[in-house]
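Student: Before we start, here is the structure in question, set down as structure tokens.
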Amino acid sequence: MYVSDCLSVNNSGHLTIGGVDTTELATEFGTPLYVMDEDKIRQNCREFVQSIKESCGGNGLALYASKAMCCRQMCRICAEEGMGLDVVSGGELYTALSVGFPAERIYFHGNNKSKDELIMAVENGVGRIVVDNYSELEMLEEVAASSNKKAAVMLRIKPGVEAHTHEFIKTGQIDSKFGFALETGEAMEAVREVQKNGSLELVGVHCHIGSQIFDTDPFTHAAEIMLGFMADIKRETGAELSELNLGGGFGIKYNENDMPPAFSEYMDRVSKTIDESCIRLGLKTPFILIEPGRSIVGAAGITLYTVGAVKKIPGIRTYVSVDGGMFDNPRYILYQSKYEFVCANRASEPRGDTVTVAGKCCESGDLLGEGVKLQHVKPDDILAVLSTGAYNFSMASGYNRNKRPPVVMVSGGKAKLVVRGDSYDDIIKNDI
Ligand code: LLP
């Protein structure tokens, strides 16, 4: 009935997540509130782990892209579910290490890592450093040499495939801040540079072609290009790299028209392409890594708000204002992202009104949705925005000195707080 199968409506006509009444959650924890279904998250992790087992015969690892939603509990869940982790900052790395996430299963990304971040990664024995550019390469050589450690490196490559939700472009990706270009020979030069250095070990190559992708063709196409490059490396340098990381980007359902394929379908098609290409190119099948972020947490999360002012502008539109906004979900103002909305305490009533949902920030563009189909709401109703588990909490800000909302996870019909919300003291705690 809704975009996410962890949602339902109970006998009181209230929206539930993981079987828990969302209006009770709003009363207990206050609003705005991020709520995530931990059982659903674990199920998603298991589907990726399983699809690697089935499609690649276990010769691979699914890394959770923690940028989608990073907190200590998410790191614990991923560790317990046998996932690896993609981190992209010292902060994400610190969070993972703080719960004892196995460092060898952490992959460190980023197009502008600082020296301090590289030192932190090398000293803590992070599994792979995914090197993005020459400056980083130089810095990493120095860091590894002075700490007397050998750093295992993957190179981020621009495969020339840029995927959007419904289409993909096969050329013209040279203009990207991420990675080494293939066409100019830059990528091959970087390979030789790493191979020359005794403190670095080149284990593989990485690419990431986009996000919220429904089509499997761009993934198989990128895999072919990357394997072609691995074959070039073998021919030109004699080295056969053992790992291929194909990044994340698997689409989720935000609206009823979104039809993402099952995770297993991506893995199935990609691994078939990999096997065929390897035979054709005379390569051993590499260890395959994928980096799902949104698809692990996106549809497992919702955000609850309390409705405040309802402003009807005759002949124009009705603004329904809520107690959150772009500070907890900047995706509408950034990408005009479309969500499904439900009045949590009137979930069994028809969604007969068309409204604009506005946030409380001092900015006209601070909206959560326009042309939103919604029940007839009144002040103090609870509004739920669905599929907000990815890139909402992680992209939240303190704009207008609003308090960042807490995060609650539900599991086995019970709710637990996993991230406390800000207090006013938190807001001023770093001010001098
Ligand atoms: N790996 C790399 C190297 C990435 O850059 C990303 C996402 C992922 C994996 C995970 O992609 P996913 O499976 O989540 O699509 N803030 C935007 C999304 C930015 C994605 C950035 N990179 C949004 O809210 O839609």
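Student: Would segment 19-30 turn up any residue that is in contact with an Asp or Glu (Cβ under 7 Å, 6 or more places away or on another chain) and buried (at least 18 other Cβ atoms within 10 Å of the Cβ)?
Tutor: Scanning segment 19-30, I find no residue that is in contact with an Asp or Glu (Cβ under 7 Å, 6 or more places away or on another chain) and buried (at least 18 other Cβ atoms within 10 Å of the Cβ), so the answer is no.
Student: Can you find a residue in segment 12-28 that is modelled with pLDDT of 95 or more and in contact with a Phe, Trp or Tyr (Cβ under 7 Å, 6 or more places away or on another chain)?
Tutor: Within segment 12-28, not a single residue is modelled with pLDDT of 95 or more and in contact with a Phe, Trp or Tyr (Cβ under 7 Å, 6 or more places away or on another chain).
Student: Could you please tell me which pairs satisfy a Cβ distance under 7 Å, a separation of 6+ or placement on different chains, a first residue in segment 105-117 that is over 16 Å from Tyr94 (Cβ atoms), and a second residue that is of a type in the set (S, T, N, Q) and open to solvent by less than 60 Å² (accessible area, probe 1.4 Å)?
Tutor: Listed pairs, sorted by first residue: Asn111/Asn133.
Student: Only one residue in Val342, Val377, Val372 is over 28 Å from Ala68 (Cβ atoms), open to solvent by less than 50 Å² (accessible area, probe 1.4 Å) and of a type in the set (Val, Ile, Thr). Which one?
Tutor: Val377
Student: Restricting to segment 156-178, name every residue that is closer than 14 Å to Ile213 by Cβ, modelled with pLDDT of 80 or more and in a strand (DSSP E or B).
Tutor: Within segment 156-178, just Ala163 meets the criteria.
Student: Hey, another quick one. Picking from Lys40, Lys67, which residue would you name as being touching a Gly at 6+ places or on another chain (Cβ under 8 Å), open to solvent by less than 40 Å² (accessible area, probe 1.4 Å) and basic (Lys, Arg)?
Tutor: Answer to the selection: Lys40.
Student: Do we have Val408 as within 26 Å of the chain's Cα centre (by Cα) and among the aliphatic types (A, V, I, L, M) here?
Tutor: yes
Student: Please list, ordered by first then second residue, the pairs with beta carbon atoms under 6 Å, 6 or more apart or interchain, first in segment 40-65 and more than 23 Å from Thr388 (Cα to Cα) and more than 16 Å from the ligand (Cβ to nearest atom), second open to solvent by less than 40 Å² (accessible area, probe 1.4 Å) and not acidic (Asp, Glu).
Tutor: So the pair list comes out as Ser55/Met267; Ser55/Ser271; Cys56/Ser271; Cys56/Ile288.
Student: Follow-up. Only one residue in Leu140, Leu200, Leu155 is under 21 Å from Leu246 (Cα atoms) and assigned by TED's automatic domain parsing to the domain that holds Met230, so which one is that?
Tutor: The conditions single out Leu155.
Student: Kindly indicate which of Gly282, Gly251 is outside the structural domain of Met409 (by TED's automatic domain parsing), out of contact with any Gly (no Cβ under 6 Å at 6 or more places or on another chain) and under 24 Å from Glu81 (Cβ atoms).
Tutor: Only one candidate passes the filter, namely Gly251.
Student: Residues being farther than 15 Å from Ser271 by Cα and either hydrophobic (A, V, I, L, M, F, W, C) or touching a helix residue (DSSP H, G or I) at 6+ places or on another chain (Cβ under 8 Å) (or both): count how many of those fall in segment 205-227.
Tutor: Result for segment 205-227: 8.
Student: Also, quick follow-up: Report whether or not Arg76 is away from the ligand (no atom under 16 Å from the Cβ), at pLDDT 95 or above and not aromatic (Phe, Trp, Tyr).
Tutor: Yes; evaluated as a whole, the condition is true for this residue.
Student: Of the numbered conditions (1) open to solvent by less than 30 Å² (accessible area, probe 1.4 Å); (2) within 16 Å of the ligand (Cβ to nearest atom), Val143 fails exactly one; give the number of that condition.
Tutor: If we test Val143 against (1) open to solvent by less than 30 Å² (accessible area, probe 1.4 Å); (2) within 16 Å of the ligand (Cβ to nearest atom), just (2) comes out false.
Student: Answer yes if at least one residue in segment 275-282 is open to solvent by 20 Å² or more (accessible area, probe 1.4 Å), touching a Lys or Arg at 6+ places or on another chain (Cβ under 9 Å) and under 21 Å from Met226 (Cα atoms), and no otherwise.
Tutor: yes
The values are calculated or read from the model by the stated rules, or taken from the named source; none is laboratory data. On a predicted model such as this, the values are computed, not experimentally measured, just so you know. A quick note on method: Cβ atoms are made from the backbone with ideal geometry, for glycine too, and the neighbour counts reach across all protein chains shown. These area figures cover heavy atoms from the full protein model, side chains too; ligands, DNA and RNA do not enter into them. Shrake-Rupley method; radii C 1.70, N 1.55, O 1.52, S 1.80 Å.
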